[in-house]
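*Asks:* Input: one structure, supplied below.
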Amino acid sequence: MIYCAYKTKQFLLALIKLSLVVAAFYFIYSKLFQNGNLSFAQFIQNLMSFSSISVNALLILAFLSIFNWFLEIRKWQALVSSILKISFIEAKSQSLGALTASLLTPNRIGDYGAKALYYPSQFRKKIMVLNLLGNTAQMGITTIFGAVGFMYFTLRFHPELNYSATFLWLAGIGIISLLLIWTFKTKWLNNQKKTISNLLNFVRRIPNKIIFKVVLFSLLRYLIFSFQFYYLLFLFGVEMSYFEAMIAISSMYLLASIMPSIFIFDVVIKGGVAVYLFGLLGVPEFIILSIVTLMWILNFVFPSFIGSYHVLRFKLPKTVS
């Protein structure tokens, strides 16, 4: 009887892993080949029409993407080291596997649960907190650069803002904040005070050296994928100063990051924001859509393919005392 239950559990786990990979591949396929804004044939044609996009240029772009994910993996390895030591290979498996598993979830929220599943139950709450710290550091860097960039962009190019939509968005944040405050007063949360207190104490005990590494890796990642976008503008023949490009790029990443979305459609949101911002700078729409699509392929589609291998090889951890 126990053997049958074990076999059933293993079969269900294999079915879930296979379903995640198939679903991820399907959504990537639909985004690339059923894109109403930019068909895949048009995308390839755009790449081939610019002689500056050579094999060497693509190798440089690939290197930047690999370095970007190397830093993300090292950041995760550093975070987890506050509770236990994991190798770079293990951190890579968890980071890329969680990327694939979280493709279908809004704002990649599934990444939290996916990474936690790699650890025994007694570590999972702490793992989710560590993941939150890593994402908060990345979002903090994006917000700081984005706020400065958007201020310069607004003063220089005077974009037309939809004040009604902005008001609704701010009102939504206010309502969510009030709901969170109300939630913090509920009986359920009062019952969780000990757990929350333990997690806060855990965060306070994280060494400053690890926090510094996490912030540094987040900063380097931001600089790399921002430069990668600028390099693509250069390859597509866009004549623009580095400063001018960076205020638009930082504004784009800020606005795109605060919009809720299913991660697989992140390319659509970034594409829409980028088309508007760079349109004010006179950059043609087809160039921006091609750049956003290529950025998405290099930094998320290819890593997701590698992550699918790790998803299929995933095994539930053994409980340790």
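*Asks:* Only one of (1) modelled with pLDDT of 90 or more; (2) farther than 27 Å from Phe227 by Cα; (3) surrounded by fewer than 20 Cβ atoms within 10 Å (Cβ to Cβ) is not met by Thr136, so which one is it?
*Replies:* Failing condition for Thr136: (2).
*Asks:* Against the definition (in a helix (DSSP H, G or I), in contact with a Lys or Arg (Cβ under 7 Å, 6 or more places away or on another chain) and modelled with pLDDT of 95 or more), how does Ile73 come out, yes or no? Spell out how you get there, then give the answer.
*Replies:* Details: in a helix (DSSP H, G or I): yes; in contact with a Lys or Arg (Cβ under 7 Å, 6 or more places away or on another chain): yes; modelled with pLDDT of 95 or more: yes.
Considered against the rule, which asks whether it is in a helix (DSSP H, G or I), in contact with a Lys or Arg (Cβ under 7 Å, 6 or more places away or on another chain) and modelled with pLDDT of 95 or more, Ile73 comes out as yes.
*Asks:* Consider Phe157 carefully, then state whether it is among the aromatic types (Phe, Trp, Tyr), crowded, with 17+ Cβ neighbours inside 10 Å and touching a residue at least 40 places away in the same chain (Cβ under 8 Å). Full working, then the answer.
*Replies:* Working: among the aromatic types (Phe, Trp, Tyr): yes; crowded, with 17+ Cβ neighbours inside 10 Å: no; touching a residue at least 40 places away in the same chain (Cβ under 8 Å): yes.
So Phe157 does not fit the description; no.
*Asks:* Checking the condition in contact with a Ser or Thr (Cβ under 6 Å, 6 or more places away or on another chain) and of a type in the set (A, V, I, L, M, F, W, C), which residue from Ala14, Ala24 passes? Even if it seems obvious, please write down each step before you answer.
*Replies:* On the way: Ala14 fails: in contact with a Ser or Thr (Cβ under 6 Å, 6 or more places away or on another chain).
The conditions single out Ala24.
*Asks:* Surrounded by fewer than 16 Cβ atoms within 10 Å (Cβ to Cβ), part of a loop (DSSP other than H, G, I, E, B) and of a type in the set (Gly, Ala, Ser): which single residue out of Ser52, Ser82, Ser19 fits that description? Explain how you work it out, then say what you get.
*Replies:* Values: Ser82 fails: surrounded by fewer than 16 Cβ atoms within 10 Å (Cβ to Cβ); Ser19 fails: part of a loop (DSSP other than H, G, I, E, B).
The unique qualifying residue is Ser52.
*Asks:* A follow-up question, please. Give the residues of region 277-286 that are surrounded by fewer than 21 Cβ atoms within 10 Å (Cβ to Cβ) and either at pLDDT 90 or above or more than 11 Å from Val238 (Cα to Cα) (or both), sorted by residue number. It would help to see each step written out before you state the result.
*Replies:* First, the residues of region 277-286 that are surrounded by fewer than 21 Cβ atoms within 10 Å (Cβ to Cβ): 279-282, 284-286.
The answer is Gly279, Leu280, Glu285, Phe286.
Rundown of residues vs (1) within 18 Å of Pro317 (Cβ to Cβ); (2) of a type in the set (Val, Ile, Thr), yes/no style:
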| site | (1), (2) |
| --- | --- |
| Ala62 | no, no |
| Leu84 | yes, no |
| Glu90 | yes, no |
| Thr100 | no, yes |
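*Asks:* Further question: Pairs, please: C-beta under 7 Å, at least 6 apart or cross-chain, first residue within 13 Å of Gly237 (Cα to Cα) and in region 46-59, second modelled with pLDDT of 80 or more and in a loop (DSSP other than H, G, I, E, B)?
*Replies:* Note: pairs meeting the criteria are Phe50/Phe236; Phe50/Gly237; Ser52/Gly237.
The values are calculated or read from the model by the stated rules, or taken from the named source; none is laboratory data. Treat the numbers as computed from the prediction; the structure is a model and nothing was measured. Every residue, glycine among them, receives a Cβ derived from its backbone with ideal geometry; neighbour counts consider all protein chains shown.
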